[in-house]
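The values are calculated or read from the model by the stated rules, or taken from the named source; none is laboratory data. Because the structure is a prediction, the values reported are computed rather than measured. Neighbour counts run over all protein chains shown; Cβ positions are idealised from the backbone, glycine included. Please note that ligands, DNA and RNA were not included when accessible areas were found on the heavy atoms of the full protein model with its side chains. Shrake-Rupley method; radii C 1.70, N 1.55, O 1.52, S 1.80 Å.
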Amino acid sequence: MSTAAGSATSKLDDVGRPDVGRPGVVRVALAGNPNSGKTSIFNALTGSRQRVGNYAGVTVERREGTYRDGDRRYSVMDLPGTYSLTSWSPEERIAQEQLVGVPGERREGTGQLPDVTVVVVDATTLDRSLVLFAQVLQLGANPVLCLNMSDEAKRAGQVLDVDVMRALLGVPVVETVGHRRAGIDALREAIRSAAERPVDVRDRLVLGDRLTDALNAVAKAIEGTPLDGKDRRWTAQKLLVADAAYVGYARALDGPDDVGTGTALLAVAEAERKALEAATGQDADLHVTHQYFGFVAGLLHEVTRRSARDDARALSDRIDAVLVHRVLGLPIFLAVMYGIFWLTFTVGEIPMGWIESGFEALGETVSSWWPAASDSPLRSLLVDGVIGGVGGVIVFLPNILLLFLGLAWLEDTGYMARAAFLMDRLLHRFGLHGQSFAPLITGFGCSVPGIMATRTLRNERDRLVTMMVLPLMSCGARLPIWMLLVPAFFPAAWRAPALWGIYVVGVLLALGLAVLLRRSVFRGANDPFVMELPPYRFPTARAVAGKMTERGGMYVRKAGTVILGLSVLLWGLSTWPKPERYDVDAALASGAAVLAMPDRVGESAVAAVDAGVAVAAAESRVVAARSPRATPAGETGAAEVLTEDELQRRRAAEDLRYSVVGRIGRAIEPVIAPMGFDWQIGTALVGAFAAKEVFVSQMGIVYALGETDETSDGLRSALGARYPPLVGISLMLFLLIATPCMATVAVTRRESGRWRWAIFQFVGLTVVGWGLATVVYQVGSLFG
Amino acid sequence: MSLADLRPGQSGRVTGLRPGGAARQRMMDLGILPGALLAVERVAPTGDPIWVRLRGYHVSLRRSEAAAVVLADE
């Protein structure tokens, strides 16, 4: 059970709320159904003065903001969207706890209960959306009713007598159009008056005699127990319907000092429940909900002057007839997803190129501040570590922004709900959710936005499972690796199928692992799919752009800082320690290798080598550097000839081997040997943890090929010659599955709310990758 | 007869809800209560989930969840 930060608890000795008359911050809670436009109301109230985080240890988003009105400051807490205040999902539990606290506990400081609760309801679905309001009314949480989307309701022909509504409810009622910022001033005014003159209108909620009698009986039993408090009747109702959290609170009363209070209380609740069920012929929880609906219906009967037309959704329904068509629906959906994909990675390619060039230029500029041959660690730190690291993060920004632009647009129109409807059957079979589809597809481009996109999944288990398997969608950063390895190990005819095969293996593994996770770690039924399908709405540019920049900013701030830190760390680990003497220089000194001179016929020159031995000039031409598999001089008796370039590259290779990263590579050799890898691959794998593309360049350095990328034939042939194709396959499997890049791990941590899941993801995937690659290699070796 | 037995175009009136966890609460909160009139609008390409109309708004749910909604025999 999560608790608000900073709350101190003590036994309750009086039942008052803190005095609001004093100047100070007014605490406002914003509650409402999903799809009620609550977020736009929140944005309208707080503008850009917002903070977003997670509730401790859960994947639920926590959003707070402030605004000024007159001489008071108002702190607004945007509660998770809920249909009612129950304990079935983390969202509902959190909303309930923020509004009513834990029974018997006094909340202090920032954990205080809100002074005003604004309930945002969708004015087009009042006969259902007012139910949450009825519950807030019952809590005595000083409510303000905000009838949002009132323009849509009026367009549909609905006419309400708001004055009568105010009179009947006894609370401020405001009509708003959140996304157009209409009615916000009136809302602020209503909040102010509610804060200055708090009302207790719990008696306005009429719940039926039998239920009231039952509640009274249970409330009497609660009196005097530690669960007692201002919200006694709410606690009574929760015990009556056997709400899991409240039953837990009661059971907890049976401590070593307090035997039996809890049990006695639960017994009373049980007896009343049975009596109620016998009298009404309905289950208690159903009866309570029925009473709420009855109250709402009665209220609406009094205040509705004209009902909305029946055909208010006609246009939306016609669109649905096409988009969710039994036959056309899926193809259309796939086309839409492809469109988003295309937008992100093809259109995004252009600014990506600019950013890449920009950072390269920056790197060169900074590099030029030092003399060309300088060995300065500071230069290396700035250019390779910082600029390289930051560049690696920023370069993805266009993709991320475009992706979130597309997804936000789809979300705000309401299409995402339709997508979940179409995809659920398939995904549910594998333990995922219909709404997992968009994030998974996103993962084909980059896991980072994919994991961020899992926010739309309301169920925590579904969301976590999706996050865990998402890195198996072969991401864009792995493409250079495939481009290197596939041609290196596969003959031409096999290449396209091999590449396709890798992607398919990724998807199949993701589905398989999801099933496995669902049966073990994330076991549990009770993840309802029951979902409302709101009418299509045209999103406002402001809302969509807002979501886009918010998520883009999150990426840069959070993933970015971690990546930068780790990039610098990795840079350090691959630079130091440096060897004191280079083997290649020793070879030059002993004569086993010779430094070739630039082609100047007839000229002699002397090359000074670290060992201080002068080498006689050669009037020969430049001899091309031999392949990395240098023949020891002793074998042929002839000295190996090196160019200056080759000398630098050999030194770089030795640097890497001598450094921490290189040592790690050698140290893990026994672990990776079952997969057929050696320490050179191991060294490159360490770099790949930072970002997958780094694998290619690290391999290049290890084999003293200098600056290589995936198109380098030299590197391809070097690999092809050195390792059998089986190692190639095993390597590809390992890179596909294991060690998600640190950006992924960082984002998983951020989105899931705890390190546990990020570590689980990393360790889990690495173990699976290791296992599968080992099996493939070992079994394959048996067949030769 | 339950909601899971209805086909697109058919409708029925709710008489009760069978026991069940979070899905049941969610259905109740969305107004699937005794007395409500539900109309099946369509089904997903593979037959599951189903799209239901009630009280002027639309709700989708899996067949397994719909099986908990008891309808009046017509």
Among rounded, prolate and oblate, which fits the stretch A:296-455 when a ≥ b ≥ c are the square roots of the eigenvalues of its C-alpha gyration tensor, a/c under 1.5 means rounded, and a/b larger than b/c means prolate? prolate
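Stokes-Einstein diffusion coefficient for the stretch A:451-561 at 20 °C in a medium of 1.002 mPa s, Rh from the Kirkwood formula over Cα pairs: what value in µm²/s?
122 µm²/s
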For residues of B:50-62, the mean tally of beta carbons on other chains within 10 Å: 6
Given a Förster radius of 30 Å and the C-beta distance between A:VAL779 and A:ARG519 as r, what FRET efficiency does 1/(1 + (r/R0)^6) yield to the nearest 0.05? 0.70
So how much slack lies between A:ASN54 and A:VAL201, counting 0.36 nm per residue of separation and subtracting their Cα-Cα distance, in nm? 49.6 nm
Kirkwood Rh in Å, taken over the stretch A:150-226 so that all alpha-carbon pairs contribute: 15.7 Å
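Stokes-Einstein at 4 °C, 1.567 mPa s, Kirkwood radius from Cα pairs: D for the stretch A:24-117 in µm² s⁻¹?
The Stokes-Einstein estimate is 94 µm²/s.
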Can you list which of the DSSP-assigned H helices in chain A have a Cα extent of 30 Å or more along the long axis and an average Kyte-Doolittle score of at least -1.0? A:492-519, A:755-782
Keeping all protein chains in place, calculate the accessible area per residue for chain A (probe 1.4 angstrom), answer in Å². 43 Å²
When the helix-only estimate is applied to chain B (DSSP H runs of n ≥ 4, each -39,500 (n - 2.57), divided by the residue count), what is the mean residue ellipticity at 222 nm, nearest 500 deg cm²/dmol? -3500 deg cm²/dmol
GluC sites (Glu not before Pro) restricted to the stretch A:168-249 and DSSP loop, no more than 12 other C-beta within 10 Å: A:GLU223
If you take the accessible area of B alone plus A alone and subtract the pair, what total do you get in square angstrom, rounded to 100, with a 1.4 Å probe? 3600 Å²
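Give the residue list of chymotrypsin sites (Phe, Trp or Tyr not before Pro) in the stretch A:710-784 that are DSSP loop and have at most 15 other beta-carbon atoms within 10 angstrom.
Answer in residue order: A:PHE783.
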Trypsin sites (Lys or Arg not before Pro), loop per DSSP, at most 14 other Cβ atoms within 10 Å - longest free stretch of chain A: A:50-308
Taking 0.36 nm per residue of separation and subtracting the Cα-Cα distance, what length does fully extending A:LEU508 through A:ARG73 add? 151.3 nm
Report, to the nearest whole %, how much of the accessible area of chain A belongs to carbon and sulfur atoms, 1.4 Å probe, protein only. 59 percent
Partner chain Cβ atoms within 10 Å, averaged over the residues of B:15-22 - can you pull that number for me? 4
Give me the base-10 log of I(q)/I(0) for chain A at each q in 0.08 Å⁻¹, Debye formula, one uniform scatterer per Cα, rounded to two decimals. -0.79
Taking the Cβ-Cβ separation of B:LEU37 and A:VAL162 as r and a Förster radius of 22 Å, what is the calculated FRET efficiency to the nearest 0.05? 0.15
Exactly which chymotrypsin sites (Phe, Trp or Tyr not before Pro) in the stretch A:322-430 are in a DSSP loop and have at most 14 other Cβ atoms within 10 Å? A:TRP369
Hits in the stretch A:346-385: amide N under 11 Å from the 7 Å Cα→Cβ extension of A:GLN648, namely A:372-374
Longer than 29 Å from Cα to Cα, which of A:LYS38/A:LYS692; A:LYS38/A:LYS154; A:LYS38/A:LYS238; A:LYS238/A:LYS547; A:LYS230/A:LYS547 are they? Say none if no pair is. A:LYS38/A:LYS692; A:LYS238/A:LYS547; A:LYS230/A:LYS547
Once phi for every residue in the stretch A:199-204 is put through the Karplus expression 6.51 cos²θ - 1.76 cosθ + 1.60 (θ = phi - 60°), the whole-Hz ³J(HN,Hα) values, with Gly and Pro written as x, are 10, 10, 10, 4, 6, 6
What is the mean number of Cβ atoms from other protein chains located within 10 Å of the Cβ atom of each residue in peptide A:280-288, rounded to a whole number? 3
Amide H of A:ASP69: which non-local residues (sequence gap of 5 or more, or other chain) have their own amide H closer than 5 Å, using H built in the peptide plane? A:TYR74
Could you please state, rounded to a whole Å, how far the C-alpha centre of the stretch A:166-245 is from the C-alpha centre of the stretch A:49-88? 19 Å
Residues meeting the amide H criterion for A:ALA593 (H placed from the backbone, H to H distance under 5 Å, 5 or more places apart or on another chain) are A:LEU588, A:GLU640
Through the Karplus equation 6.51 cos²θ - 1.76 cosθ + 1.60, θ set to phi - 60°, convert the phi angles of the stretch B:13-29 into ³J(HN,Hα) values in whole Hz; use x for Gly and Pro. 9, 6, 10, x, 10, 6, x, x, x, 5, 4, 4, 4, 4, 5, 5, 4
Length added when fully stretched, A:LYS154-A:GLU302, from 0.36 nm per residue minus Cα-Cα: 51.5 nm
Correct semi-axes for the stretch A:84-179, from √(5λ) of the alpha-carbon gyration tensor and rounded to whole Å with the largest first, are 28, 15, 11
Long-range amide H contacts for A:ARG62: which residues qualify at under 5 Å (H placed 1.01 Å from N, peptide plane, sequence gap of 5 or more or a different chain)? A:GLY53, A:ASN54, A:TYR55
The stretch A:209-307, Rg to Rh (Cα coordinates; Rh as Kirkwood inverse mean 1/r): 1.09
The stretch A:401-472 versus chain B: alpha-carbon centroid distance in Å: 25 Å
Given the rule -39500 (n - 2.57) for each run of at least 4 DSSP H residues, summed and divided by the residues of chain A, what is its mean residue ellipticity at 222 nm, to the nearest 500 deg cm²/dmol? -17000 deg cm²/dmol
